[in-house]
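I'd like to ask some things about the structure below.
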Amino acid sequence: ETGVTQSPTHLIKTRGQQVTLRCSSQSGHNTVSWYQQALGQGPQFIFQYYREEENGRGNFPPRFSGLQFPNYSSELNVNALELDDSALYLCASSQTGTGAQPLHFGNGTRLTVT
Amino acid sequence: AQSVTQLDSQVPVFEEAPVELRCNYSSSVSVYLFWYVQYPNQGLQLLLKYLSGSTLVKGINGFEAEFNKSQTSFHLRKPSVHISDTAEYFCAVNRRGGANNLFFGTGTRLTVIP
């Protein structure tokens with residue numbers, strides 16, 4: 001069973017640039033969620049995709065956007081990067097989009113914005 | 001809306017001693033409750049979850065937690081810790097019947113001292 005994989009593992013960008021982060025969900029999972037974890041904080045929910053549709057969104061501005069593909073892999077795009085976007089970005093997959101299902105997390109992408 | 005409070009940001013404990021990590025939550029609706037562990041430079045791993053039924057929940061690595069509805073708490077316990085338990089622990093809630101968007105606490109850093 002292949003777990004959740006994320007790429008790249010580390011990334012350095014300049015303020016104002018755009019970035020794309022990628023995630024492959026665990027086999028058998030059709031739901032992908034993205035979280036932002038700032039240093040010393042708990043993860044914060046960005047959004048969730050279920051069968052290629054956005055299925056919930058946290059308190060993040062529209063410059064955070066995403067996609068889910070037919071194979072259930074996903075991308076997180078962030079435009080007009082700001083210094084505060086520096087964080088660990090975690091992708092998680094689950095068997096369904098319901099709240100009882102545990103999330104399976106990848107190891108994250110560490111984004112640094114300078 | 002939900003909120004999660006982890007009362008202790010850091011908990012040092014000697015090896016083979018018992019430990020309790022405290023978690024209180026607030027929600028206007030019924031919730032599911034989770035504990036996740038995060039080892040350095042890794043994503044989050046599910047320790048245990050409470051969905052319904054028995055209020056004492058057993059998880060992996062010898063951890064257990066007790067759901068207390070009247071006190072809105074979900075404290076995590078282990079009778080004897082090992083060096084390998086050193087990690088960050090996150091309590092999280094999810095609204096019953098809602099999408100799978102976990103709301104996390106700020107975490108408790110458990111350090112096991114030899």
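Please find, in a Gaussian network model of chain B (springs between Cα atoms separated by less than 10 Å), the residue of B:Ser30, B:Ser52, B:Ser70 whose mean-square fluctuation is greatest.
B:Ser70
Please report the base-10 log of the normalised intensity I(q)/I(0) for chain B, using a Debye sum with one equal scatterer per alpha carbon and no solvent, at each q in 0.14, 0.18 (1/Å).
Each listed q maps to, in turn, -0.52, -0.86.
Now for a different question. Please arrange A:His10, A:His29, B:His82, A:His104 by counting, for each residue, the other beta carbons lying within 10 Å of its beta carbon, fewest first. Please report the intermediate quantities before stating the final value.
On the way: A:His10 9, A:His29 17, B:His82 12, A:His104 20.
Ranked by crowding around the Cβ, least crowded first: A:His10, B:His82, A:His29, A:His104.
So for the stretch A:4-61, what are the equivalent ellipsoid semi-axes in whole Å, largest first, each being the square root of 5 times an eigenvalue of the Cα gyration tensor?
Values: eigenvalues 88, 47, 32 Å².
Each semi-axis is the square root of five times an eigenvalue, giving 21, 15, 13 Å.
Residue by residue, what Karplus-based ³J(HN,Hα) values in Hz, rounded to whole numbers, does the stretch B:17-26 have, using 6.51, -1.76 and 1.60 with θ = phi - 60° and x for Gly and Pro?
Working through the residues one at a time gives 7, x, 9, 10, 10, 9, 9, 10, 10, 9 Hz.
Quick one: which residues, 5 or more positions from B:Gly107 or on another chain, have an amide H under 5 Å from its amide H? H modelled 1.01 Å from N in the peptide plane, none for Pro or chain starts.
Residues meeting the criterion, in which the H sits 1.01 Å from N, are B:Gln6, B:Cys91.
For chain A, treating each Cα as an identical point scatterer without solvent, what Debye log10 I(q)/I(0) comes out at q = 0.10, 0.12, 0.17, 0.23 1/Å?
-0.25, -0.37, -0.74, -1.34
Please list, in chain and number order, the residues 5+ apart from A:Phe47 or on another chain whose amide H is under 5 Å from its amide H, with Hs placed from the backbone.
Counting only residues 5 or more places away or on other chains, the set is A:Trp34, A:Gly58.
Okay, next question. In whole angstrom, and with the biggest value first, how far do the Cα coordinates of the protein assembly as shown range along each principal axis?
Rounded to whole Å, the extents work out to 48, 38, 35 Å.
With Cβ to Cβ distances under 12 Å as the rule, what net charge do the other residues near B:Ala65 carry (K, R +1; D, E -1)?
Details: positive: B:Arg22, B:Lys49, B:Lys58, B:Arg77, B:Lys78; negative: B:Glu20, B:Glu64, B:Glu66.
Taking every Cβ under 12 Å from that of B:Ala65, the sum is +2.
I want the local charge near B:Asp85. Using Cβ-Cβ distances under 14 Å, sum +1 for each Lys or Arg and -1 for each Asp or Glu among the other residues. Before the final figure, lay out the partial values.
Values: positive: B:Arg77, B:Lys78, B:Arg109; negative: B:Glu15, B:Glu16, B:Glu20, B:Glu64, B:Glu88.
Result for the local shell: -2.
No lab work stands behind these numbers, since they all come straight from the coordinates. Predicted model only: the values in this text are computed from it and were never measured. Note: ideal-geometry Cβ built from the backbone for every residue, glycine included; neighbour counts use all protein chains shown.
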